[in-house]
Amino acid sequence: MTGYCPDQLDPPFALWGRKAVRALVRARFGGWLALRTVSDYLRRWGLTPQLPPIGI
């Protein structure tokens, strides 16, 4: 996930947000995660919310 943009892995999202990560987990592994769980994992892994650069 950290080496890819979402569009390279086929979710319909432009940025890696909680919903995009959840969609990727569902597509790849068939599992379902609550958004809160996704947030907890991302925080534990040191991934924080970031805004896209202006002008994209």
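The values are calculated or read from the model by the stated rules, or taken from the named source; none is laboratory data. Source: prediction; values computed, not measured. Using ideal geometry, Cβ is built from the backbone for each residue, glycine included, and neighbour counts are taken over all protein chains shown.
Quick one: would you say Gly46 is out of contact with any Phe, Trp or Tyr (no Cβ under 9 Å at 6 or more places or on another chain), modelled with pLDDT of 70 or more and outside any helix (DSSP H, G or I)? Yes: the conditions hold for Gly46.
Among what's in the stretch 1-43 and is in a helix (DSSP H, G or I), surrounded by 14 or more Cβ atoms within 10 Å (Cβ to Cβ) and among the hydrophobic types (A, V, I, L, M, F, W, C), pick the residue that is modelled with the highest pLDDT. My answer is Val38.
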